[in-house]
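Every number in this text was worked out from the coordinates using simple rules, so none of it is lab data. A quick note: this is a predicted structure, and the numbers were derived from the prediction, not measured. Using ideal geometry, Cβ is built from the backbone for each residue, glycine included, and neighbour counts are taken over all protein chains shown.
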Amino acid sequence: MVQSVRKAVFPVAGLGTRFLPATKSIPKEIMSLVDRPLIQYAIDEAREAGITEFIFVTSRGKSALEDYFDDAPVLERKLRDDNKTDLLNALSCTEMDSGAIAYVRQKEALGLGHAVWCARRLIGDEPFAVLLPDDVISGEKSCLKQMVEAYESTGGNMVAAMEVPQEQTSSYGVLDVQDDMGSIVSVKNMVEKPDAASAPSNLAVIGRYILTPKVLQNLSSFERGAGGEIQLTDAIAKEANGEGVYGFRFRGERYDCGSKIGFLKATVAFGLSRPDLQDEFSTFLYDLMATSKAAE
Ligand code: G1P
């Protein structure tokens, strides 16, 4: 039986430069789809998968993230006094048991692998998950939960995977597949951000991982990879021999909220899926499209 996955690492140290000037004073992970920050979606997903310990790898200027998961006594008292029960309920997803969430700082931006390595002491000697909050995944069952279930039969390391257009491989970690078993593939190698011509496939890594502590050991050699950064992909690839690493084709819709267009698409999709907004919002979008078509 595999050891259960209780801890998750959330690398949130990035500067979010693609969203300047907004991210000059707020962390990218606090930017919201409708009314929920990106980080909330990742936390909800981790909780659904059974995660009970949350490790944030942060950097300077990210204190809004710590405040977000703290109690807000003045606000809560005001809402209680005003009988705003629905708003109090809306806050309940931000509650964390004391000690359930921990923060470590990545002092230098040396890459995703380095960020995960910064959490090594808090992870210890057990399997752990990594969730990149930029990748927002909607679906009936959360992506990480699907992975945890699959991992119970495979063990080893597992990465979320999705087919992308060949010309986009240079934006992703890409899998070199040994055996394709449908939703699970065994992996013989992984390459970070290969150009389309040299990519081993178009099966890309999406920001959900279940990893063994061995990957942390691999990271401690500080090898530089694509873009001169310490890459998580390279440290996982060291375990890939057809048995140590699996790709998992999840069911769900993935939005790349690290890009403006992905963030906009997610905003529209999440807005349309909200019962309290969908009627007015869909009428608005429809009218807007009709007006712009007529103007062409
Ligand atoms: C990171 C990983 C990459 C992965 C991607 C998924 O890249 O390094 O392997 O495919 O996330 O979103 P980034 O988007 O941070 O450059």
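Quick notes on this structure:
- For segment 25-84, pairs of C-alpha atoms spaced more than 20 angstrom apart make up 41 percent of the total.
- Stokes-Einstein diffusion coefficient of segment 155-255, Kirkwood radius over Cα pairs, 25 °C, 0.890 mPa s, in µm²/s: 183
- Here residue 171 and residue 217 are evaluated by their C-beta separation; at R0 = 35 Å the FRET efficiency comes out at 0.80.
- Just so you know, the Cα atoms of segment 3-55 work out to an Rg and Dmax of 13.1, 44 Å.
- Stretch gain in nm, segment residue 20-residue 64, where the contour uses 0.36 nm per residue and the Cα spacing is subtracted: 14.2 nm
- Straightening the chain between residue 272 and residue 92 buys 62.5 nm, computed as 0.36 nm per residue apart minus the Cα-Cα spacing.
- Loop chymotrypsin sites (Phe, Trp or Tyr not before Pro), segment 201-282 (other Cβ atoms within 10 Å of the site Cβ: 15 or fewer; DSSP): 222
- Neighbour-count order for 30, 55, fewest beta carbons within 10 angstrom listed first: 30, 55
- Shape box of segment 43-184 [Cα atoms, principal axes, largest first, Å]: 60, 37, 35
- Once divided by 2.2 N^0.38 Å, the Cα radius of gyration of segment 221-296 becomes 1.84.
- Cβ crowding within 10 Å ranks 286, 68 as 286, 68, fewest other Cβ atoms first.
- Amide H contacts under 5 Å for residue 178: 186, 187, 188, restricted to partners 5 or more places along the chain or on a different chain, H placed in the peptide plane at 1.01 Å from N.
- Residue 261-residue 152 FRET efficiency (beta carbon distance; Förster radius 45 Å; 0.05 resolution): 0.80
- Contact order for segment 1-111, expressed relative to its length and based on alpha carbon pairs under 8 Å spaced 6+ residues apart, stands at 34 percent.
- Per-residue Cβ neighbour rank within 10 angstrom, fewest leading, 148, 215: 148, 215
- Low-density loop cleavage sites - trypsin sites (Lys or Arg not before Pro) in segment 211-278, where at most 15 other Cβ are within 10 Å (DSSP): 224, 251
- 3J(HN,Hα) along segment 248-265: 10, 7, 7, 9, x, 9, 9, 10, 8, 7, x, 10, 4, 5, x, 5, 5, 4 Hz, from the Karplus curve 6.51 cos²θ - 1.76 cosθ + 1.60 with θ = phi - 60°, whole Hz, x for Gly and Pro.
- Applying a threshold of 19 Å to the alpha-carbon distances of 28/265; 193/238; 24/62; 7/188 flags 7/188 as lying beyond it.
- Hull shadow area, averaged, the chain [alpha-carbon convex hull, nm²]: 18.2
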